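The next block holds one structure in the form of C-alpha cells; read it before the comments.
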Amino acid sequence: MLAPDLHTDPMVPVLARVTRRIHELSDIVTFEMEVDGWQGFAPGQFNMLSVFGVGEVPISISGPLSDRSKIIHTIRDVGPVSHALCALRKGAVLGLRGPYGAPWPVEAARGRDVVVVAGGLGLAPVRPILYELIENRDRYGKVTLLYGARSPREILFAEELGQWRSRLDLGVEVSVDRGDEHWHGHVGVVTGLLRAADFDPANTTAFVCGPEIMMRFAANGLVEAGMAATDIHLSMERNMQCGIGLCGHCQLGPVFVCKDGPVFDWAFLKPLMAVKEL
Amino acid sequence: MSGAAAKAGPVVIDAGGFDALIAALAAEGREVLGPVKRDGAIVYDAISGQGDLPKGWVDEQSGGHYRLSREGEAYFGATLGPQGWKRVLHPPQQRLWRTEGTGENTGIIAEPLDTAKRAFIGVRACDLAAIAVQDKVLTEGLYKDPHYAARRENLFIVAVNCTRSAATCFCTSMGTGPKADKGYDIALTELEGGRFLAEAGSAAGEARLAALPSAPATDAQAREAEAGIAQAAAQQRRIDTDGLPELLKERPDHPRWSEVAQRCLNCANCTLVCPTCFCTTTDEVTALDGPETERVNRWGSCFTMDFSHVHGGAVRKGAKSRYRQWMTHKLGTWVDQFGEMGCVGCGRCISWCPVGIDITEEAAALRGSGG
Amino acid sequence: MAIHGLEALLRDHPRFRGMPEEFIRAVAGCGKNVVFHKGDYLFHEGEDANDIFMIREGLVSMEMDAPGAGPQTFLTETAGGMLGLSWLIPPYTWTFDARARTDIRALAFDATCLRDKCDADPALGYAVMKQFMPVIVERLHDTRVQMLDLYRARS
C-alpha cells in the first residue's frame, strides 16, 4: 500500500497570483502575491518560483511577516527565469513551492543586541528580521542595521530605510561604494561601518546577507569587534534545483544549503569558505 | 515487501524451479527484469525465464575496460553491467508535472506515480546496498521523491550472491557484499550444474519459495554456496575506509586532486553508472505547438560546469574541484548527510571511466603525503 | 581644553587602547581640539600635511576634484575614524581634499610635533606607528573590496 504522504509531491507547485508589482530599481522588482492556503514563513526562508515555460528559481521571501494574506518577493533580473519573473505584471499567474530552508535564528537574539549587515540585494532576505525586531522592539537590545549599496541610486527599499532611520530605537547606517554629488552619507565598504557601530559584542547576535566576499569581511569584522563566531549568522547562495535536499546541486561540504541552510553560523562556515571551489 | 525475517532453511531449486519463480512473479502482474546480454554488455531488461539469462558469459573488467567472453556454464557468471537498478527506480528522465491552459486558467497536472509492480532478478549485494542508500536519500528525509517511493513500494527483489567478482569489485571492503544480507525477498546462490541455493528474506519471499518445486539444501550444497561467495570475496580489490571521511575532508588541497584532474575528462560517466548518485537537474520542456509546458528531472552530474552555477559563474570551475566534490561526497560528506558512505564498492566508476581513474587507487594516494 | 582632557579622550579611543601612559601623554602634548562647520575643508590636496585628525563627531568626506564632474568622494570617515596618513611619509603633502559634510568636532595633532617626538624616542615612534598601521591596512583592504564592485549584477 502506498502511504498517504507518497501522493503529496513536493516538486509540484501551487498557483500564485501577482497582486502588486513595485518597480524598485532599474533591475529589481518587488512582487506582492497571493497563494491559497499560505501559512506564513519564518525570516530567511525562500520559495521556489516558476514561470511556466521558462523555469524555476529560489527567491528569498522579503515580507510581510505577520500578514498571511500575501507573500512578498524582491527579485533582481539576472538570468532567464528572474528576467521572466521581473516581467510579470499585476494579475499574472506563476508557480510557487515553499517556504523552504532553515530561517534566521531571530529567537536566539531575544534580550540581546542585534546587528544586521546587508549588502546590495542582500537587504531583501533580512528585511523580515527588521519587521520582527520592530514589531517586538522591547524584546531586543540595541538594534543596528548596516547597509551597503553600490551607489546612491542602487539603494534598495530607500523609503523604508528612511523610515527606519528616523526611529530613535534603531541605528541605521547606509554606505555606498561610490557616491555622487547629491549623496551626503557614508562612502566606503559596509564593513567600515562596523568600526563605529555601538553594540555589546559579548551579547550580540548578528545577521549578515550579501555577496559572499562581503559576508566574509563582515563576519571577520564582527569577530574582530569581539563577537563569538557562533553568534554570527550568514545566508548562503548556491545552485538550487529542488529546494528540498533531493537534487544535490547546492551541496557545500557536508550540508545541503537548501535544507540545512541557507542560514549557517560563521563557526561552521569559516573553514568551508577557506576551501576554494568547495 | 522485504522485511520480515524468514524461518525456513535454504532450499535448492533447479532451472525449472527458477522458471517457475519467474512465471509466478509474472502471474502476480509483475514486470520481471533481469540480466540479459545486449550490445556486448549485461543490461537489465524483461525476462521470462532462465533462457533469457546470459548463460555461459563472464565479464572482464578493469580501469576503462569491460568485455564479455565465453566461460563456463553459469547463469550469473557475468557480474555487473554498466547500469544498475537506478535506471528503473530513479530513471534518467522523470516528468514531474505539466500544465494545461494558460494565465487564469493554468492547471498544473502532477505526473501520475508509477505504481507498476516489478520484480528484479539477479540483484547483486552491492546493488542491494545501493538501493538502500537511495532509499535513505530519496525517501527517508524531510521530503520524499514520491515517484521513487512508488516504484520502490511495489518491488519484489531476487538477489544473487556473487560467486565470482570482477577485478574492479570492492564490496567486501565497503561491507556490502558479496553476500546479500538484507533488503531482498529471495536470495539465490548459483551452484554447479545450473541449480540455485535459495533463501527467503521476507514473508513474501518465503511464500513464493514454498510454492516452488525444491529440495532442502544439503550441507554439501550449503558449503558449496559459501565457498563460491568466499571465492568472490577473495577476487576483489581493497579500499581502506578507516578514517577516510575525515581524511578526505581535511585534505582539499592535497596535490593528488590536481594530478587526477589532469586525467579526468569531466565526462560524468562515473556519476551516470554509479548506482547511488542521485543528483538531478530540472528542465523546462515547452511544446512547439502550444502554450503547454512540462517540468522534467534529468540525472545531473557534479562533473558538469552548470551543476554549481550561481550568479556570476560556476562555483566549481576546475576538474580538480569537481572530482574532489564527487569523491569526497561519495566517501566523506555522505556520512555527514546520511550516516553512511555513498559508495557500495560496485566498481562501475572504474570500468566505465574512459581514462581508467580508480577510486580505490585515488583513496590510497590521498592517504599519502603526495607530491 | 586642558591637556589632561585630551589624554582622557585618547585613552578612550579604540585606536589608542592599551598604549602606555607616557606615550598617551606625549601624543596628547601635540594635540588640540578643533571644530569645523558643515562645508568647511579640513585640508586640500597639495597642501602641507601639518595635522592628523581624529574625528570625534560628524562625517568627513575624502574627495578628489575632477573638472566637470566636481568633487568625487571615494571614502568617508566618521566618529572614531582617523584622517590623514600623509603626515607619515615625505613630502608630507595631502593627496586629497577633506570636507566637513556635517559640523565636525575632532582632535588635531601637530604632525611636526609628533614626528619630532617619534624621531627623538624610537620606542614612542614604534608605538605610534603601531596605532596608525592598522588604519593604513584597513584602508587598503577596504579599497580592494570597494574595487571589486561586489553589488553589481552578475548573470
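The values are calculated or read from the model by the stated rules, or taken from the named source; none is laboratory data. Bear in mind that the values here come from a model prediction, so they are computed numbers and not experimental data. Here the Cβ is made from the backbone with ideal geometry for all residues, glycine too, and neighbour counts use every protein chain on show. In case anyone asks, the SASA skips ligands and DNA or RNA and just uses the protein heavy atoms, side chains included. Shrake-Rupley method; radii C 1.70, N 1.55, O 1.52, S 1.80 Å.
Worth a mention:
- Going through (1) open to solvent by 20 Å² or more (accessible area, probe 1.4 Å); (2) more than 14 Å from chain A (Cβ to nearest Cβ) one by one, B:Lys117 falls short only on (2).
- Applying the condition of being part of a strand (DSSP E or B), within 11 Å of chain A (Cβ to nearest Cβ) and in contact (Cβ under 8 Å) with a residue 60 or more places away in the chain to region B:78-111 and asking which residue is nearest to B:Gly34 (Cα to Cα) yields B:Gln94.
- Residue in region C:121-135 that is in a loop (DSSP other than H, G, I, E, B), among the small types (Gly, Ala, Ser) and open to solvent by less than 60 Å² (accessible area, probe 1.4 Å) present: no
- C:Thr102 being within 14 Å of chain A (Cβ to nearest Cβ), part of a strand (DSSP E or B) and open to solvent by less than 80 Å² (accessible area, probe 1.4 Å): no
- The residue that is nearest to A:Thr30 (Cα to Cα), among those in region A:146-200 that are crowded, with 17+ Cβ neighbours inside 10 Å and among the hydroxyl-bearing types (Ser, Thr, Tyr), is A:Tyr147.
- Qualifying residue in region B:359-366 (condition: among the hydroxyl-bearing types (Ser, Thr, Tyr), surrounded by fewer than 23 Cβ atoms within 10 Å (Cβ to Cβ) and away from chain A (no Cβ under 11 Å)): yes
- Complete set of residues in region B:285-307 that are open to solvent by less than 40 Å² (accessible area, probe 1.4 Å) and assigned to a strand (DSSP E or B): B:Thr293, B:Arg295, B:Val296, B:Asn297
- Test: C:Leu42 is part of a helix (DSSP H, G or I), more than 16 Å from C:Leu88 (Cα to Cα) and touching a Leu at 6+ places or on another chain (Cβ under 9 Å): no
- Some residue of region A:154-176 being closer than 19 Å to A:Thr74 by Cβ, in contact with a Lys or Arg (Cβ under 8 Å, 6 or more places away or on another chain), in contact (Cβ under 8 Å) with a residue 40 or more places away in the chain and away from chain C (no Cβ under 12 Å): yes
- Scanning region A:66-103 for residues that are more than 14 Å from chain C (Cβ to nearest Cβ) and polar (S, T, N, Q) returns A:Ser66, A:Ser69.
- All conditions but one from (1) in contact (Cβ under 8 Å) with a residue 60 or more places away in the chain; (2) within 28 Å of C:Val145 (Cα to Cα); (3) crowded, with 22+ Cβ neighbours inside 10 Å apply to A:Leu94; the one that does not is (2).
- In region A:204-238, residue nearest to the other protein chains (Cβ to nearest Cβ) [restricted to those that are crowded, with 24+ Cβ neighbours inside 10 Å and polar (S, T, N, Q)]: A:Ser235
- Tally of residues being farther than 16 Å from C:Thr143 by Cα and part of a strand (DSSP E or B) across region C:60-79: 5
- Residues that are within 18 Å of A:Cys209 (Cα to Cα) and either within 14 Å of chain B (Cβ to nearest Cβ) or open to solvent by 50 Å² or more (accessible area, probe 1.4 Å) (or both), drawn from region A:47-65: A:Pro58, A:Ile59, A:Ser60
- Residue ID - nearest to the other protein chains (Cβ to nearest Cβ), chosen from residues in region A:192-203 that are closer than 23 Å to A:Ala108 by Cβ and not aliphatic (A, V, I, L, M): A:Asp198
- Pairs with Cβ under 7 Å, 6+ apart, first in region B:312-330 and facing chain A (nearest Cβ under 8 Å) and more than 14 Å from B:Glu362 (Cα to Cα), second part of a helix (DSSP H, G or I) and polar (S, T, N, Q): B:Val315/B:Ser308; B:Arg316/B:Ser308; B:Arg316/B:Gln325
- Matching residues in region A:119-153 - criterion: being facing another protein chain (nearest Cβ under 10 Å) and within 12 Å of the chain's Cα centre (by Cα): A:Gly119, A:Gly120, A:Leu121, A:Gly122
- Residue within region C:80-88 that is part of a helix (DSSP H, G or I) and either of a type in the set (A, V, I, L, M, F, W, C) or modelled with pLDDT of 90 or more (or both) present: yes
- Filtering B:Ala268, B:Ala287, B:Ala261 for residues that are among the small types (Gly, Ala, Ser) and farther than 30 Å from A:Pro80 by Cβ leaves a single hit, B:Ala261.
- Considered as a group, the residues in region C:4-36 that are outside any helix (DSSP H, G or I) and farther than 19 Å from C:Met129 by Cα include one that is most open to solvent (accessible area, probe 1.4 Å), and that residue is C:Lys32.
- Residues satisfying the stated conditions in region A:189-211, i.e. touching a His at 6+ places or on another chain (Cβ under 9 Å) and among the β-branched types (Val, Ile, Thr): A:Val189, A:Thr191, A:Thr205, A:Val208
- Each residue in region A:124-152 was checked for being of a type in the set (Lys, Arg) and closer than 15 Å to A:Val176 by Cβ, and 1 pass.
- Residues within region C:48-82 that are farther than 19 Å from C:His37 by Cβ and either basic (Lys, Arg) or more than 9 Å from chain A (Cβ to nearest Cβ) (or both), tallied: 10
Each row is one residue, and each column tells you yes or no for (1) open to solvent by less than 40 Å² (accessible area, probe 1.4 Å); (2) at negative phi; (3) without any contact (Cβ under 8 Å) to a residue 40 or more places away in the chain.
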position	(1), (2), (3)
B:Ala215	no, yes, no
B:Ala232	yes, yes, no
B:Gln236	yes, yes, no
B:Arg256	no, yes, no
B:Val273	yes, yes, no
B:His309	no, yes, yes
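- Residues that are assigned to a helix (DSSP H, G or I) and either at the interface with chain A (Cβ under 8 Å from one of its Cβ atoms) or among the aromatic types (Phe, Trp, Tyr) (or both), drawn from region C:141-155: C:His141, C:Asp142, C:Val145, C:Gln146
- Residue match in region A:31-39 (condition: closer than 23 Å to A:Glu237 by Cβ and either among the acidic types (Asp, Glu) or open to solvent by 10 Å² or more (accessible area, probe 1.4 Å) (or both)): no
- Which numbered condition C:Leu42 fails, given (1) surrounded by fewer than 17 Cβ atoms within 10 Å (Cβ to Cβ); (2) within 11 Å of the chain's Cα centre (by Cα): (1)
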